[in-house]
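I have a structure I would like to understand better, so I am pasting it below and will then ask my questions one at a time.
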Amino acid sequence: MQIVVIGGGAAGTTAALEIRKKMRDASITIIESQKYSEYSPCALPFVVGGHIAQFKDILIHSDSFYSTIAKIDLRLETTVSSIDREAKEVICDKERVAYDKLVLATGSYPFRPPIKGIDAIDTSERIFLLKSIDDAKRVDACASTAKRALIVGAGLVGMEMAVALWERGISVTVLEALPTAMPQMLDPDMGKIVIEHLRSLGIDIRLKIPVEEIADNGKEVKVTTEEGILTYDMCIIACGVRANMRLASSAGLSVGNGIIVSDTMVTSDPDIYACGDCCESVCAVTGKSILSQLGSTAVRQAKVVASQMAGGLKRFRPTFNTSITQLCNLHIASVGATLTQANINNMGALSSRFKGSTLPDYYPGGNDIFIKLIFTEDKKIIGGQIIGEQGVLDRINVLSTVMQLDGDLDFIYNMETAYTPPLSPTIDPLSWAAEMAIKKCEKHHKKR
């Protein structure tokens, strides 16, 4: 069988390697437009910030690994212009590559907001998008001499890059058109905790300030806002990403906000699969189609592709979008829907927020931890957000697991957890948060 994978990122490479494990005799080709084999884009801010020593450290495998060990034909710096579904061929720069089965793992691309002068990104040495290693290398080079940096957008990547440049000793300003930060992960009340923390470190975060115009005069970046003209040595546009579905759309496959796939990752063409940032998923909370553009989602979807192609039964379940990041010493995590998202979907959601400590009050070294739960009046958990300097990862994973097992607030309240003073309080903060949420449900019922 001839299998072609378009895209050499986490989704495409994982699919190819998993297919190889299951189909030893298959001919597998990966076609990637960049000059790098698989690496972790999520690690780019942490290279710029100095936590990871070199960009080469985030490469997953050497190029020779694919040919000598995996027996995969890896073609870098090769662009696919179109797909001929009738002939079952992929049209590249100078050749046509035949396939029996095709995997689209074309990823995503940075969104360019409707700002006057935004196309200056294409030629400027001071205005950047951040998606690839080459993008990050240009940012890194500019940051070596910059003293003032602007981040446009207070989403996940924007905040990570703000911290990365601040860690380089650069004065950083973040301009966000919305009245809150990280809205895909956090409700405004939880976002405020993050904003206040970063402001206390000296990062200037300004909300409800849309950028009207941007220009590079050869010496500095000039940005026009309602506050007037602001000048910086460099600027990063971090306004989210969009699914790269150009090839799929031009080939006549069904698309929406991303490539439409079944739970077996099959597109509207039974011989073409899709996985990763380019395709849609189903939200486990709302049941609606969403984009789950996480590295963990990409890898899990890729494993489904490999299983199905080899005759297996694995399917991709609806996703809770379990996410986490670290900004300086603050850990920020979320799962499921925010209260804002739940209200948009008319889910009749309630919420409660608990502030606790990671250790007993009498034991030194404990840190504040903030837990927000989103739930329905019948105690069904539909989302959660956790912020703190310790214990966030473990608790968001527990909460995500409980939600995946359809556990409710009572389940978390009665949860058995380990206790010893140097490591944990007698009752875990998650259980305290659930108790508060249960009381909210009881009050809601009494009012009715």
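The values are calculated or read from the model by the stated rules, or taken from the named source; none is laboratory data. Please read all numbers here as calculations on a predicted model, not as lab measurements. Here the Cβ is made from the backbone with ideal geometry for all residues, glycine too, and neighbour counts use every protein chain on show.
Out of contact with any strand residue (DSSP E or B) (no Cβ under 7 Å at 6 or more places or on another chain) and at pLDDT 95 or above: does that describe Ala177?
On the way: out of contact with any strand residue (DSSP E or B) (no Cβ under 7 Å at 6 or more places or on another chain): yes; at pLDDT 95 or above: yes.
It is true that Ala177 is out of contact with any strand residue (DSSP E or B) (no Cβ under 7 Å at 6 or more places or on another chain) and at pLDDT 95 or above.
Find the strands (runs of 3 or more DSSP E) located wholly in the range 244-337 whose residues include 1 or more that are outside the structural domain of Leu102 (by TED's automatic domain parsing), and list them.
By residue number, 323-327, 330-336.
Can I ask one more? Select from the range 164-189 the residues that are among the hydrophobic types (A, V, I, L, M, F, W, C), within 16 Å of Ser200 (Cα to Cα) and surrounded by fewer than 24 Cβ atoms within 10 Å (Cβ to Cβ) and list them in ascending order.
Trp166, Ile170
Out of all the residues in the range 296-309, is one or more in contact with a helix residue (DSSP H, G or I) (Cβ under 8 Å, 6 or more places away or on another chain) and closer than 30 Å to Asp122 by Cα?
Within the range 296-309, one or more residues are in contact with a helix residue (DSSP H, G or I) (Cβ under 8 Å, 6 or more places away or on another chain) and closer than 30 Å to Asp122 by Cα.
Residues in the range 413-435: is at least one buried (at least 20 other Cβ atoms within 10 Å of the Cβ), without any contact (Cβ under 8 Å) to a residue 40 or more places away in the chain and within 24 Å of Thr319 (Cβ to Cβ)?
no
While we're here: Is it fair to say Arg148 is of a type in the set (Lys, Arg), within 27 Å of the chain's Cα centre (by Cα) and closer than 21 Å to Val223 by Cβ?
So Arg148 fits the description; yes.
Then there's this: Scan the range 138-152 and tell me whether some residue there is without any contact (Cβ under 8 Å) to a residue 40 or more places away in the chain and either in the same structural domain as Thr264 (by TED's automatic domain parsing) or in a strand (DSSP E or B) (or both).
Checking the range 138-152: not a single residue is without any contact (Cβ under 8 Å) to a residue 40 or more places away in the chain and either in the same structural domain as Thr264 (by TED's automatic domain parsing) or in a strand (DSSP E or B) (or both).
Yes/no matrix, rows are residues, columns are (1) in the same structural domain as Ala274 (by TED's automatic domain parsing); (2) within 28 Å of Leu130 (Cα to Cα); (3) surrounded by fewer than 21 Cβ atoms within 10 Å (Cβ to Cβ); (4) modelled with pLDDT under 95:
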{"site": "Thr14", "(1), (2), (3), (4)": "yes, yes, no, no"}
{"site": "Ser27", "(1), (2), (3), (4)": "yes, no, yes, no"}
{"site": "Gln34", "(1), (2), (3), (4)": "yes, yes, yes, yes"}
{"site": "Glu38", "(1), (2), (3), (4)": "yes, yes, no, yes"}
{"site": "Val48", "(1), (2), (3), (4)": "yes, yes, no, no"}
{"site": "Ile52", "(1), (2), (3), (4)": "yes, yes, yes, no"}
{"site": "Arg85", "(1), (2), (3), (4)": "yes, no, yes, no"}
{"site": "Cys92", "(1), (2), (3), (4)": "yes, yes, yes, no"}
{"site": "Asp100", "(1), (2), (3), (4)": "yes, no, yes, no"}
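Looking only at the range 358-379, which residues are assigned to a strand (DSSP E or B) and buried (at least 17 other Cβ atoms within 10 Å of the Cβ)? Walk me through how you get there before you give the answer.
First, pick out the residues of the range 358-379 that are assigned to a strand (DSSP E or B): 368-375.
Scanning the range 358-379 gives Ile369, Phe370, Ile371, Lys372, Leu373, Ile374, Phe375.
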